[in-house]
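What follows is a single structure, written as structure tokens, with notes after it.
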Amino acid sequence: MKRLTCKPAMLRHMDLFDDAPAAESALPVLSVSELNRMARRALEAQLPLLWVEGEVSNFIRAASGHWYFAIKDASAQVRCVMFRGRNQFADFTPANGDHVEVRALPSLYEARGEFQLGVEQIRRAGAGRLYEAYLRLKAKLEAEGLFDPATKRPLPRFPHRLGIVTSPQAAALHDVLTALARRMPGLPVVIYPAPVQGAGAGAQIATAIRTAGARAECDVLLVCRGGGSLEDLWAFNDEAVARAIAASPIPVVSGVGHETDFTLADFAADLRAPTPTAAAELASPLRADLLHALASHAQRLRQHFERRLQAGMQQLDYLARRLVHPAEQLRRRRDELAQYARHLAGAQRLRLAREATRLETLGRRLVSPASLLQRHAMQLDALALRQRRAMAGSLAQRRLDLARYAASLAHLNPDNVLARGYSIVQRPDGRVVHDAATLATGDALDLRFSKGTARARVDSVKPD
């Protein structure tokens, strides 16, 4: 616990006795508010959020929506408050005498110095243990695949007979039969009686489901019960019931409790309905809808036959107009044949005239072989003359080019340069000397003249 200090303005001096210790004179005097505040903080710091079980008494619902009550046992009681922000999520409204479990934070109401519990959650006593058992069994069966959506079967659209597993005295049976009478009065129903609450109810429900599957006299099986607490619906959380539903050869619709109630039978069934009445509605077609659909189909069938009849009559009229006497058909064929004969004769005459004109044109274009040879000979002579002229012109041009190339070569001939008195200076290895600065005194040189060569040695060098 934290140590608390008070402000100097909040302290009051105490009268000191002559024999009082000096330390006691330094203790502060607390107000009631400060004391209650210190007590509340100490309680909340030491006691965590916890579950408390007891019987409800003095229950009051305030105009603000908050709940005020006490829970007690044989030897003690404690006050409780559950604010509106929390109690709006409660599954039920407690009443005096209810045995409940509350999840609360111990605290102190400072204004009155009263110990109380700030309730966060409330449930009926025992519901927590049942719910935990429900969750464990649900996880087990789910791991085995009993709730796999892939195994769910569709319901037949037009069932011939419905089976109902419920208690003959249950209000749920009356609701289901009323809904079936409203939706499909002529649908046969087979009831497999079984208690829906109490010891051994789960085993008897499972037996009824297996009996319905073995007899195979129904298309759909309804497992029904009205609403109630978790304890009231516990028979439908029985493992035997869930396994019997999953193994049923008949599609099963579960209509147990109200819309907010979920049991293992709901998860194992092929289809879950929020109420028994909804289960009957899901399993049976609506007679009015069927009659409406039948009337609609009958009307469409009539319209289809009328259209077919009208189309047939139109086709008959058309064929009647096309129907011709055989003698008339023969006359028409003779007229057509005569017309084709006239067209053929005209086409032949036109073709003969066209071929005659073409033959006449080809005759005018026809030339004798002698004339043709003479014409080709003249063309050959002309080509030979053009060839001779072209060869003569080409030879003359080649001679001129050759003379020009010879003059250019003679101009570039180094022997002609040497003949004018020049010489070529080379080292003994044949390299030509271009710069006197590359020579040294005593170097041997070869001199090449227009006629002959000479060996010389350098006496001195004078660079330019």
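For a modelled paramagnetic label at THR178, 7 Å from Cα along Cα-to-Cβ, the residues of region 271-303 in reach, with backbone nitrogen under 16 Å, are 275-281.
Once you list every other residue whose beta carbon is under 13 Å from the beta carbon of ARG358, what net charge do they have if Lys and Arg are +1 and Asp and Glu are -1?
Details: positive: ARG351, ARG354, ARG364, ARG365; negative: GLU355, GLU360.
That sum, taken over residues with Cβ under 13 Å, equals +2.
Cα centroid separation, region 272-290 to region 75-91: 40 Å.
Residues in region 316-353 near a label at THR361, defined as backbone nitrogen under 14 Å from the 7 Å Cα→Cβ point? Once the point is set 7 Å along Cα→Cβ of THR361, 353 turn out to lie under 14 Å by backbone N, inside region 316-353.
Note on Rg and Dmax of the Cα atoms in Å: of the candidates [x] 21.9, 68; [y] 63.2, 176; [z] 57.9, 151, the value calculated from this structure sits at [y]. Residue exposure proxy: ILE191, ILE60, ordered by other Cβ atoms within 10 angstrom of their Cβ from fewest to most, comes out as ILE60, ILE191. For region 138-288, the Cβ-based charge dipole about the Cα centre amounts to some 540 debye (Lys, Arg positive; Asp, Glu negative; other atoms uncharged).
Which peptide among 412-418, 314-320 comes first, and what is the full order, when sorted by highest mean count of other Cβ atoms within 10 Å?
Working: 412-418: 11.6, 314-320: 9.6.
Sorting 412-418, 314-320 by mean packing, highest first, produces 412-418, 314-320.
Comparing ASN87, GLY226, ALA244 along the charge dipole axis of the chain, the residue lying farthest to the positive side is ALA244, per the Cβ-charge model.
State the extension gain, in nm to one decimal, for the chain segment bounded by ALA26 and GLN426, taking 0.36 nm per residue of separation less the distance between their alpha-carbons. Write down the numbers at each step before the final one.
Values: separation 400, 0.36 × 400 = 144.00 nm, distance 13.00 nm.
Length gained, ALA26 through GLN426: 131.0 nm.
Pick out, in residue order, every one of the GluC sites (Glu not before Pro) in region 170-255 that is DSSP loop and has at most 16 other C-beta atoms within 10 Å; say none if there are none.
Values: sites: GLU217, GLU231, GLU239; in loops: GLU217, GLU231.
In loop regions of region 170-255 (DSSP not H, G, I, E or B), the sparsely surrounded GluC sites (Glu not before Pro) are GLU217, GLU231.
Available extension along the chain between ALA288 and ALA341 is 11.6 nm, counting 0.36 nm per residue and deducting the alpha carbon span.
Using R₀ = 41 Å, calculate the FRET efficiency as 1/(1 + (r/R₀)^6) where r is the Cβ-Cβ separation of THR453 and GLN379; round to 0.05.
E between THR453 and GLN379, to the nearest 0.05, is 0.05.
Any idea what log10 I(q)/I(0) is at q = 0.10, 0.19, 0.25 Å⁻¹ for region 366-461, Debye with uniform C-alpha scatterers and no solvent? Results for region 366-461 at q = 0.10, 0.19, 0.25 Å⁻¹ read -0.56, -0.96, -1.20.
In plain terms, the residue of VAL461, VAL256 with the fewest other Cβ atoms within 10 Å comes first and the most crowded comes last, giving VAL461, VAL256. In the chain, the sites counted are trypsin sites (Lys or Arg not before Pro) in DSSP loop states with at most 15 other Cβ atoms within 10 Å, and the longest stretch holding none of them, exclusive of the sites, is 162-419. Partners of LYS152 within straight-line reach, counting aspartates and glutamates whose Cα lies under 18 Å from its Cα and excluding those fewer than 8 residues away in the same chain: GLU142, GLU144, ASP219, ASP266, ASP270.
One chain, two ends: ALA406 and ARG334. Fully extended at 0.36 nm per residue, the span grows by 15.9 nm beyond their Cα-Cα distance. A straight Cα-to-Cα reach below 12 Å connects LYS72 with the aspartates and glutamates GLU53, GLU55, ASP98, GLU101, residues fewer than 8 places away in its own chain not being considered.
Restricting the chymotrypsin sites (Phe, Trp or Tyr not before Pro) of region 399-464 to loop positions (DSSP other than H, G, I, E, B) with no more than 15 neighbouring Cβ atoms within 10 Å leaves TYR422, PHE449.
Since every read-out is calculated from the coordinates, none of them should be taken as a lab result. Quantities reported herein were computed from a predicted structural model and do not represent experimental measurements. Heads up, the Cβs are rebuilt from the backbone with ideal geometry, glycines too, and the neighbour counts pull from every protein chain shown.
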